Structures are given as C-alpha cells and as structure tokens.
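Q: Dumping the structure here so I can ask a few things about it.
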Amino acid sequence: MARSTPSPLGQFLPGQRMPLRLANPSQLTPDGPLAPRWGAGLAMAGLVLVVLVPLGGTLALAGVLPFGPQLIFASLLLTWTAMFGVTLYASRRHGFRSFTRDFGLRFRWIDLAVGIGVGIAARIVLAIILAILTLLWPLQDGEVIQGNAELFLTGDTVWLIINGVFGGVLMAPFLEELFNRGLVLRGVQNALWLRRTGDRRDAVAPAVQRRSIVTSTVIALLVSSLAFGLLHTGAVPDLRSSVYLLVSTFTVGLMCGVLTVITGRLGAAIVTHVVFNGTGVALLLLIPPELLP
C-alpha cells in the first residue's frame, strides 16, 4: 500500500476552518498554507538581541551620561532599534516583505473600541490578581513594590513627555506588539504548526500541517507572553517586585496575544497596550506622592 502524504487541502476542510482563524490570514490560500522562512529560531535570536543591545549600550553610555532621563531615553532607543531591526530583517529577507502580511500590522475602527475596553479590563484584572498575591505573600514592614513605569517619569516636563508619553505610551506599545505578538508569537506558532515543503531558499513556501493549529497557538501564546514578561523584569531590583511585574506583564501579554490570534491583526493589541500603559502613567502622575507606598 502506498504511503499517504499530508495534503494542504485537508487543512481547509469545512470542519477545520474555525481553528484556522487562529492563523495569520496572509498565510492561508485555497491551495493550502504558506510559511515564511522566519520562525522560532529568528524570534529567539531577536529576543537575545533585544536584551543584549540595550544592556551593552546602556552600560557603555553610563560612563558618559549620569543616571537620569537622558540615559533612560538612550536605553529606550536601543531597545526600539533592536526590536524594529529584527522584525524588518525577518520580513524583508525571510518573509512576505510586508509588515501587514508577515505580522498582521493592520487596524480597523473596531480595534479602537476593543482595545480601550480590554486595556481598562486588564487594569482591573491585574488589581485583583495583585491583591490576591499580596494576601498570599504579605508585604513586610517598609517593603515597597516597585514597577518599571516610574523610570519613564523622571526629569522635567519635557522629559516626562518624551519618555513617559512618547516612549512609554506610544512607541513602546507599537514596537513591542510588532515584535512580541508579530514576530515571536507567529514565529513559534508557525514552527509548531507547519512544515515547509517548498524550496528552502524561497522566503515564502508552501507548507503542510505537522501539529494542531490550536495546540500550536496555545503554546505560542504562553511562550510569547512569558518572553514579554521576562523582558520587563530586569528594571526592578528585588524578587517580589520582579514577580509582581512578571505576573502583570505576562497577563497583559496573554490578553494582547489572544486578541491578535482572534482578530488576525495587531490593531486591537496595540490599542490595548497603549491604554494599559497610558492609564499606568496617568495614575502615577495623578496620585499624590504621599498616597503612594
């Protein structure tokens, strides 16, 4: 008996169309899925660069600039350059050559309403989660939970606008979603879900399913959310603050990831991230210092 081979057409049977909504829409064709050459390997390499480039650059600049808003802005620029550079390289050299097709960088008006709602909901959910964590792990006398948002709010009004508003509320959400939910999430999802069958030299090639799209997506959501959380924990100096920050950013990352795979684009996730960061900055600016722990 001849050995059967996987057929791309089998992945588009009526009973399987709903799970395929979790995939990047640009990869779905009537003849079967397409897979870009970039994947989990490039995503992991990108994560390493996003850690090492700003770390090395900041350490080098620390001998020239005192710790303050200028050094923080320089560190942000290095982080953004690494994130954008890796995603641009992946798309131009190993993908569809389009941020829209490779990473789902699209917006619709509904994304604004969804993002505002989910961003506010994320603040409420995290308040509940952190209250539970505090009950299970009580604060000691004089102990303070530190976040990373405070780093953006040092200096005079100009630096508050540059680092806090432009950096923390606008640029960071856009580039972090492009990198984490565009490159990392889709890279891990594709690596688990698909096996390329075309010429290895082709940037985009036909592929067949190797695992369930649902299983692949769940794993990709968890991996990308954990990576997103770990990227944020280095800004705080103690274990408790690191745990709180990891739980917070993992939760927000998971929410943004779910929005990405459900909608097939980054629009709602970016708006959610903007609202979440914006409300955090606003609370720090509006609450009098004497009311803060």
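The values are calculated or read from the model by the stated rules, or taken from the named source; none is laboratory data. Values in this document were obtained by computation on a predicted structure and should not be read as measured data. Don't worry about glycine lacking a Cβ; one is built from the backbone with ideal geometry, like all the others, and counts go over all protein chains shown. For accessibility, only protein heavy atoms count, side chains too; no ligands or nucleic acids. Shrake-Rupley method; radii C 1.70, N 1.55, O 1.52, S 1.80 Å.
Q: Obtain the radius of gyration and the Kirkwood radius of the chain from its C-alpha atoms and give Rg over Rh.
A: Values: Rg = 20.7 Å, Rh = 20.3 Å.
Using only Cα positions, Rg/Rh for the chain is 1.02.
Q: Going toward the positive end of the dipole of the stretch 57-169, with +1 on Lys and Arg Cβ and -1 on Asp and Glu Cβ, which of 128, 152, 116 do you reach last?
A: Going by the charge dipole, the pick is 116.
Q: Nearest 10 degrees is fine. How inclined is helix 213-232 to the longest principal axis of the chain, computing both from alpha carbons?
A: Taking the Cα atoms of the chain, the angle to 213-232 is about 20 degrees.
Q: Considering only 100, 137, 62, whose Cα is most displaced toward the positive end of the charge dipole of the stretch 11-142, charges sitting on Cβ of Lys, Arg (+1) and Asp, Glu (-1)?
A: The residue sitting most towards the positive pole is 100.
Q: Find the relative contact order for the stretch 166-248 and round it to a whole percent, using C-alpha pairs within less than 8 Å whose residues are 6+ positions apart. Before the final figure, lay out each step's value.
A: Working: 66 pairs, mean separation 20.9, N = 83.
Reported relative contact order: 25 percent.
Q: For helix 109-136, what angle does its Cα long axis make with the longest principal axis of the chain, in degrees from 0 to 90 and rounded to 10?
A: Approximately 60 degrees, to the nearest 10.
Q: Another question about this same structure. Quick one: check the C-alpha center-to-center distance for the stretch 22-88 versus the stretch 131-206, whole angstrom.
A: Cα centroid to Cα centroid, the span is 10 Å.
Q: On a 0 to 90° scale, report how tilted helix 239-263 is relative to the longest principal axis of the chain, with both axes built from alpha carbons and the result rounded to the nearest 10.
A: Between helix and principal axis, roughly 40 degrees.
Q: A further question follows. Calculate, in nm to one decimal, what residue 44 and residue 243 gain on full extension: separation in residues at 0.36 nm each, minus their alpha carbon distance. Can you show the working numbers first?
A: On the way: separation 199, 0.36 × 199 = 71.64 nm, distance 2.25 nm.
Roughly 69.4 nm would be gained on extension.
Q: Accessible area of residue 156, 1.4 Å probe, to the nearest 10 Å²?
A: So the heavy atoms of residue 156 present about 90 Å² to solvent.
Q: What number comes out for accessible area per residue over the stretch 161-293 if the probe is 1.4 Å? Units Å², please.
A: Values: 5270 Å² over 133 residues.
Per-residue value: 40 Å².
Q: Provide the gained length on full extension for the span residue 92 to residue 127, in nm with one decimal, where the gain is 0.36 nm per separating residue minus the Cα-Cα distance.
A: Details: separation 35, 0.36 × 35 = 12.60 nm, distance 4.07 nm.
Result for the pair: 8.5 nm of gain on full extension.
Q: Calculate the length of the line joining the C-alpha centroid of the stretch 98-121 to that of the stretch 222-293, in whole Å.
A: When both Cα centres are located, 16 Å separates them.
Q: Within the chain, what whole-number % of the accessible surface is contributed by carbon and sulfur, with the 1.4 Å probe and all protein chains included in the calculation? Before the final figure, lay out the partial values.
A: Details: 10440 of 14870 Å².
Carbon and sulfur together cover 70 percent of it.
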